[in-house]
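Here's the structure we're looking at; comments come further down.
The values are calculated or read from the model by the stated rules, or taken from the named source; none is laboratory data. Being a predicted model, the structure only gives us computed values, none of them experimental. Don't worry about glycine lacking a Cβ; one is built from the backbone with ideal geometry, like all the others, and counts go over all protein chains shown. Accessible surface areas use protein heavy atoms only, side chains included; no ligands, DNA or RNA. Shrake-Rupley method; radii C 1.70, N 1.55, O 1.52, S 1.80 Å.
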Amino acid sequence: MYGYVKVGAAVPLMQVGDCDYNVQQMEYMLRKAETQGVQILAFPELAVTGYTCMDLFAQECLLRHAEQALLELVRRTKDVATLCIAGMPLRAENRLLNTAVVFQKGKIAGIVPKTYLSNYREFQERRWFSSGTELRNGTARIGDREYPVSAQMLFTAGNVSVGIEICEDLWAPVPPGALLAMQGANILFNLSASNELIGKNDYLKSVIRQQSAGCIAGYVYVSSGFGESTTDLVFAGKCFIAENGVLLGESERFPMREKLLVGEIDVDYLHHDRQVNTCFTQGLSVLQQPSAPVTVPFDLPEEKMTALTRTVDPMPFVPASDHTRDERCEEVFHIQINGLAKRLVHTRTEKVIIGVSGGLDSTLALLVAVMTFDALGIARRQIIAVTMPGFGTSGRTYRNASQLAASLGVTFRDISIREACRQHFRDIGHDGETQDVTYENTQARERTQILMDLANRENGLVVGTGDLSELALGWATYNGDHMSMYGVNAGIPKTLVRYLVRWAAQHKVDRASESILNDIADTPVSPELIPVDENSAIRQKTEELVGPYELHDFFLYHFIRFGAPPEKIYFLAQQAFRDVYTRETIRKWLRVFFSRFFAQQFKRSCLPDGPKAGSVSLSPRGDWRMPSDASAALWLKAIDALD
């Protein structure tokens with residue numbers, strides 16, 4: 001009526017690989033949408049199976065049940081008039097496609113395959129799927145019938161024309177939706193399973209607004225949510241509805257329940273604007289007559305770059321402005337909380353065990369656990385915070401650990417490891433006095449053994465505390481603090497951890513906890529494995545041993561995010577830290593970074609699951625895969641050649 005089309009984006013609860021459960025939830029959402037007058041409804045990418053099935057996509061059992069479940073959903077909703085768009089894997093021509101199946105009133109209308117397959121960083125879709133552009137016949141079988149398959153498929157009703165993209169298609173230089181719009185589509189739907197990263201949401205909104213504006217179209221975006229695997233990634237269940245550059249609606253992010261976003265697209269106004277904008281109709285004719293670009297060579301003057309006029313951020317993981325930093329801290333906590341929540345729900349666990357030292361990392365993990373339990377409605381006393389004083393535990397950190405546990409209302413256990421370690425020293429023939437690597441690692445492994453055994457006794461889950469910077473440097477004891485059942489800090493660099501703790505002190509706790517958190521944030525970073533000095537002060541300070549974390553995080557960011565060689569990282573670091581570190585100091589710690597990064601890959605190759613939070617991740621399952629015995633010789637040689 002009046003040119004409006006009511007559209008909807010539905011994020012159902014789901015379970016990875018359980019097609020029957022997933023279509024039941026989809027049917028519930030479809031019927032709910034119909035009661036609200038939704039005329040066209042979209043579900044997330046691969047909603048029938050879940051996006052994170054990985055190598056299960058190669059299993060006949062999953063693919064067969066996905067097809068059966070979809071047919072059952074179509075059959076059971078034959079009384080529903082809403083046009084439905086559902087994501088599922090589908091076999092065709094000895095290939096597996098990532099598709100959107102469109103159905104209505106008990107009949108399948110057509111199938112749209114994904115064109116651009118994500119195959120970088122955390123994504124590896126080409127391991128399982130083929131692009132729709134590789135199809136020859138343009139049909140696929142579902143059940144006992146053949147249906148048309150095409151990325152350039154329009155679903156029309158009167159003056160309404162619907163086109164479909166799938167996730168990565170939107171991010172391509174020339175999205176399929178742009179072609180569909182020039183061919184007549186005035187409402188575009190995007191079925192997505194885009195994981196959540198720091199800052200990604202704002203960028204995505206800008207892309208959606210731009211796509212809807214450039215196409216003079218409505219744009220409905222729906223992405224996977226709670227229920228997808230959080231082995232390494234977190235999905236926020238976000239939905240957007242845009243029209244000609246204006247965002248009409250967006251859903252709550254990180255809900256732990258189903259979500260339905262409903263809005264109206266005014267196709268009459270879109271038709272008017274397309275008609276007035278005569279450039280719009282020229283687009284297709286230009287596209288159909290491609291010509292080779294004209295290239296004109298020129299000489300670029302050579303310049304030896306010694307300084308930059310642009311600013312090089314010394315803290316690439318930490319926003320400079322207070323407002324942006326606050327937003328990022330809240331976003332990071334949401335990612336960590338949703339990751340841990342999914343793991344608890346999946347394992348039906350209502351207890352977690354955390355080793356608390358009074359240091360930054362374990363404090364952050366404890367805060368995440370508290371916020372997660374609050375979100376799930378589980379009593380905080382089900383969190384067991386264990387302090388395990390050893391030979392290097394200081395009075396300050398011990399006091400902070402115990403007082404923080406009390407102020408947060410979690411269960412606190414005090415288990416000394418000293419006697420157990422002394423017995424172990426006797427068992428292996430160590431004198432117990434020599435403060436070597438065995439002396440230190442024995443303590444770390446004893447602590448992990450206590451946490452793991454306590455988790456077995458309490459039927460709980462050990463939450464790991466190690467952060468991204470420690471993983472990069474290998475600053476963890478193998479099969480000691482290196483190991484856990486879920487590592488909530490795995491995607492958080494050390495330079496950001498301190499800000500997260502301070503942000504939580506200011507925004508998430510009472511005054512008593514705030515004071516303790518601020519003192520923890522002021523405490524030097526230390527593993528506390530070497531006895532304190534005569535004043536009971538920490539003697540073993542990490543940054544004196546491996547170097548400043550602000551430098552290592554800077555190196556890590558440019559090395560992983562952009563693949564920068566040592567000489568460029570060295571040049572950028574001089575620009576960023578010109579008033580802080582000398583060239584010699586930067587070169588020294590750059591060499592330490594690459595030496596340790598290569599030598600310690602074996603620890604990263606067997607990391608516990610943990611959520612990715614930013615653009616840099618070292619997960620061996622997604623972002624960073626390298627041999628554990630790769631040589632650092634080329635990188636070290638480049639550093640040695642620096643002046």
- [ ] Determine the sum of side-chain charges near Trp624: Lys and Arg each +1, Asp and Glu each -1, restricted to other residues whose C-beta is under 10 angstrom from that of Trp624.
- [x] +2
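Using the structure shown, list the pairs from Lys494/Lys603; Lys105/Lys205; Lys200/Lys238; Lys541/Lys637 with a Cα-Cα distance above 21 Å, or answer none.
With Cα atoms farther than 21 Å apart: Lys105/Lys205; Lys541/Lys637.
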Open item on the list: If I compute solvent accessible area with a 1.4 Å probe over the protein chains, what percent of it on the chain is carbon and sulfur?
Closed with: 49 percent
Task: Of every Cα-Cα pair in the stretch 1-112, the percent that sits beyond 23 Å - done: 24 percent
Task: Neighbour-limited loop hits for trypsin sites (Lys or Arg not before Pro), the stretch 128-193 (at most 12 other Cβ within 10 Å; DSSP other than H, G, I, E, B) - done: Arg136
Open item on the list: As I understand it, the value is the acute angle between the Cα axis of helix 278-288 and the longest principal axis of the Cα atoms of the chain; what does it come to in degrees, rounded to 10?
Closed with: 80 degrees
- [ ] Could you tell me how many degrees, from 0 to 90 and to the nearest 10, lie between the Cα long axis of helix 437-458 and the main elongation axis, the longest principal axis, of the Cα atoms of the chain?
- [x] 60 degrees
Task: Cα centroid separation, the stretch 22-52 to the stretch 351-427 (Å) - done: 42 Å
TODO: Please tell me the relative contact order of the stretch 18-140 in percent, rounded to the nearest whole number, where contacts are Cα pairs under 8 Å and at least six residues apart.
DONE: 23 percent
TODO: Could you tell me which of rounded, prolate or oblate describes the stretch 362-415, using a ≥ b ≥ c as the square roots of the eigenvalues of the alpha-carbon gyration tensor, with rounded for a/c under 1.5 and, failing that, prolate when a/b is larger than b/c and oblate otherwise?
DONE: prolate
- [ ] Wrap a convex hull around the Cα atoms of the stretch 504-643, take a quarter of its surface area, and give that in square nanometres.
- [x] 11.7 nm²
Open item on the list: Quick check for you: which residues of the stretch 559-575 have the amide N under 14 Å from the point 7 Å beyond the Cα of Leu642 toward its beta carbon?
Closed with: 559, 564-575
Task: Estimated vicinal HN-Hα couplings, Hz - the stretch 562-568 in sequence order (Karplus 6.51, -1.76, 1.60; Gly, Pro = x) - done: 10, x, 5, x, x, 5, 6
- [ ] Mind listing the long-range amide H neighbours of Phe189? Cut-off is under 5 Å, sequence gap 5 or more, other chains count too, H placed in the peptide plane at 1.01 Å from N.
- [x] Gly163, Ile164, Glu165, Val220
Task: Long-range HN-HN contacts of Gly249 with modeled amide H, under 5 Å - done: Ile241
Task: Radius of gyration and maximum dimension Dmax of the stretch 51-145, Cα, Å - done: 13.7, 43
Task: Computed [θ] at 222 nm, deg cm²/dmol, the chain (DSSP H ≥ 4; -39,500 (n - 2.57); rounded to nearest 500) - done: -12000 deg cm²/dmol
Open item on the list: What is the angle, in °, between the Cα long axis of helix 322-347 and the longest principal axis of the Cα atoms in the chain? Nearest 10 is fine, range 0 to 90.
Closed with: 90 degrees
Open item on the list: Please report the antiparallel percentage of DSSP beta bridges with both residues in the chain, rounded to the nearest 5.
Closed with: 55 percent
Task: Summed residue charge, Cβ within 11 Å of Thr77's Cβ, Lys/Arg positive, Asp/Glu negative - done: +2
- [ ] Show Trp624, Trp171 ordered by accessible area, largest first, where the area counts protein heavy atoms only and the probe is 1.4 Å.
- [x] Trp171, Trp624
Open item on the list: Give me log10 I(q)/I(0) at q = 0.18, 0.21, 0.22 Å⁻¹ for the stretch 123-220, Debye formula, one equal scatterer per alpha-carbon, no solvent.
Closed with: -0.95, -1.16, -1.22
- [ ] Report the accessible area of Asp519, computed with a 1.4 Å probe over the heavy atoms of all protein chains in place, in Å² rounded to the nearest 10.
- [x] 50 Å²
- [ ] Compute the accessible area per residue over the chain, keeping the other protein chains in place, probe 1.4 Å, unit Å².
- [x] 44 Å²
Task: Exposure rank, largest accessible area first [Ser118, Ser402; 1.4 Å] - done: Ser402, Ser118
- [ ] Just read off the accessible area of Phe562 with the full protein assembly in place, 1.4 Å probe, to the nearest 10 Å².
- [x] 120 Å²
TODO: For every other residue with a beta carbon closer than 10 angstrom to the beta carbon of Val352, add +1 if it is Lys or Arg and -1 if Asp or Glu, then tell me the sum.
DONE: 0
Task: Other-chain or far-sequence residues with amide H under 5 Å of Tyr486's (modelled H) - done: Gly464
